[in-house]
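What follows is a short report on a single structure.
Where a number appears in this text, it was derived from the coordinates with a stated rule and is not lab data. All values derive from a computational prediction rather than experimental measurement. Cβ sites come from the backbone with ideal geometry, for glycine too, and all protein chains shown count toward neighbours.
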Amino acid sequence: MRAHIAMLPGDGIGPEVTREAVRVLRAVAKRFGHDLTFEHAAIGGEAIDTVGCPLPPDTLALCRRADAVLLGAVGGPQWDGAPPHLRPEQGLLGLRRELGLFANLRPVRLRPGLGARSPLRQDVVAGVDLVIVRELTGGIYFGARERGRDWASDQCRYTRSEIERVARIALDLARARSRRVASLDKANLLETSRLWRETVTQLHAAEYGDISLEHHLIDSAAMQVVTRPTAFDVILTENMFGDIISDEAAVLVGSLGLLGSACIGYSRPSLFEPIHGSAPSLAGRNVANPIGAVGSAALLLGEGLGLREEAIALEAAIDAVVAGGQLTPDCGGSASTEVVGGSIVEALRPAPSRPSAGARKRPRAEMPGAANRAETLQQPGA
Ligand code: NAD
Ligand code: IPM
Ligand code: MN
């Protein structure tokens, strides 16, 4: 396959972690005989400094013609005082919105050997394997903002169709997993949450009778995510609740630096990005964990390009490196960003003496998006 990938490293640790993701993608391409090309563009603070706006038209044009987009992170203290439209974060929100990426899949799976890295008891986190489906282009993130001298307001607005399309993603995903969806809202208070709950309930009743659906209030759900995380499989929630609960969920599996994500819509390109930010205090030190970015690259292969075998091979390589104890400091190790990336590249080399087919049972959650969805679309014997 030939594919052109837009590379947006962004700010802080973004360039360091995406460098490893690209290195790993090149190794996958070599092993499986694909032709992947990468083209860099500026976003966020880098774009503000070089072009004067956080999402330059050239960057957006490159993304639109790419087969997939890989992003590092945006933001940093040097832009904190900037007017709202000149903040790096605005570049990322603009890109998600312009590309119509209304759903963000954030898989949270405990990788082998990392149970001891969680601040929670090992028996609580053993077997954690869930996916957060976060609405990404609506809600308070995109409502009207106003500011007076002594007051401020941020509007939170959702339409029925915005809720329904992301709920469908979660319910379809559940069909390929354990057929359970937990929808999180604040329906005891917010009108948007009442519409959310009503819409999800109606869609479920009309088309998804085979899926078990629970509604939880976001505050008690936040507690349950850390007390009984294995009770969750697919979590569906709105934009801001999803942002918060996914950083919380990262704690279950050892570090915020470990989680990747896929931002998807109705059409390509999709955007793949770690869930963490630019971690300014780590930038330039070769200590950031690249696994969130490399895991995003695995999602890019499977979800973005439909290369399922390749995505599975990359996930297996990440697991092997983690299990071997090659970890960055956030996970209690002393390996550098580059060493972890290089070890994943090494682990991708097939062992010549051992046949790989059937050698390893495929973990259920490694490709929550296209891979599993595609499997459910396949007819038996097709
Ligand atoms: P952050 O995610 O950058 O960092 C939070 C904490 O997690 C820090 O202690 C950091 O050391 C640790 N961490 C994060 N990624 C890590 C990694 N790969 N390896 C090891 N440790 C890691 O969140 P923040 O400090 O609240 O935000 C910093 C900036 O990033 C802000 O400007 C914020 O707006 C931006 N941000 C951007 C994105 C994005 O681009 N998608 C996401 C979140 C935050
Ligand atoms: C994330 C980030 C962004 C978000 C910020 C940088 C706007 O926290 O991707 O999780 O809240 O969506
Ligand atoms: Mn976030």
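The figures follow:
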quantity: Cα centre as origin, Lys/Arg/Asp/Glu Cβ charges: segment 3-59 dipole, Debye; calculated: 420
quantity: Relative exposure of Thr159, Thr137, judged by other C-beta atoms within 10 Å (fewest first); calculated: Thr159, Thr137
quantity: Leading residue at positive end of dipole, the chain (Cβ point charges), from Phe272, Gly100, Leu110; calculated: Leu110
quantity: Packing-based order for 329-335, 205-211, 37-43, using average beta carbon neighbours within 10 Å, highest first; calculated: 37-43, 329-335, 205-211
quantity: Unit charges on C-beta of K, R, D, E only; dipole of segment 115-235, Debye; calculated: 220
quantity: Segment 24-127: projected area of the alpha-carbon convex hull, averaged over directions, in nm²; calculated: 10.1
quantity: Antiparallel DSSP beta bridges within the chain, as percent of all bridges there, nearest 5; calculated: 40
quantity: Choice from Ala170, Ala29, Ala288 showing the highest fluctuation, given a GNM over the chain with Cα pairs closer than 10 Å; calculated: Ala29
quantity: Counting DSSP beta bridges with both ends in segment 119-253, the antiparallel % (nearest 5); calculated: 20
quantity: Total formal charge among the other residues, if their Cβ is under 14 angstrom from that of Glu338, Lys/Arg +1 and Asp/Glu -1; calculated: 0
quantity: In segment 131-208, the trypsin sites (Lys or Arg not before Pro) that fall in loop regions by DSSP, at most 13 other Cβ within 10 Å; calculated: Arg149
quantity: Per-residue [θ]222 nm for the chain (sum of -39500 (n - 2.57) over DSSP H runs n ≥ 4, rounded to 500); calculated: -12000 deg cm²/dmol
quantity: Segment 119-253: projected area of the alpha-carbon convex hull, averaged over directions, in nm²; calculated: 9.0
quantity: Förster radius 35 Å - calculated FRET efficiency between Ser334 and Asp123, Cβ distance, rounded to 0.05; calculated: 0.80
quantity: Per-residue HN-Hα couplings for segment 60-71 [Karplus 6.51, -1.76, 1.60; θ = phi - 60°; Hz; x = Gly/Pro]; calculated: 5, 5, 4, 4, 4, 8, 7, 7, 7, 10, 10, 10
quantity: Cα centroid of segment 131-157 to Cα centroid of segment 31-81, whole Å; calculated: 24
quantity: Cα-centre dipole for the chain with unit charges at Cβ (Lys and Arg positive, Asp and Glu negative), debye to 20; calculated: 900
quantity: Relative contact order (%) - segment 229-308, alpha-carbon pairs under 8 angstrom, separation at least six; calculated: 29
quantity: Net length gained if the chain between Leu189 and Met240 were fully extended (0.36 nm per residue, minus Cα distance); calculated: 16.8 nm
quantity: Neighbour-count ranking [beta-carbon atoms within 10 angstrom, fewest first] of Trp196, Trp151; calculated: Trp151, Trp196
quantity: Estimated translational D of the chain in µm²/s (Stokes, Kirkwood radius over Cα pairs; 4 °C; 1.567 mPa s); calculated: 61
quantity: Translational D in µm²/s for segment 90-182 (Stokes-Einstein at 20 °C, 1.002 mPa s, Kirkwood Rh from C-alpha pairs); calculated: 133
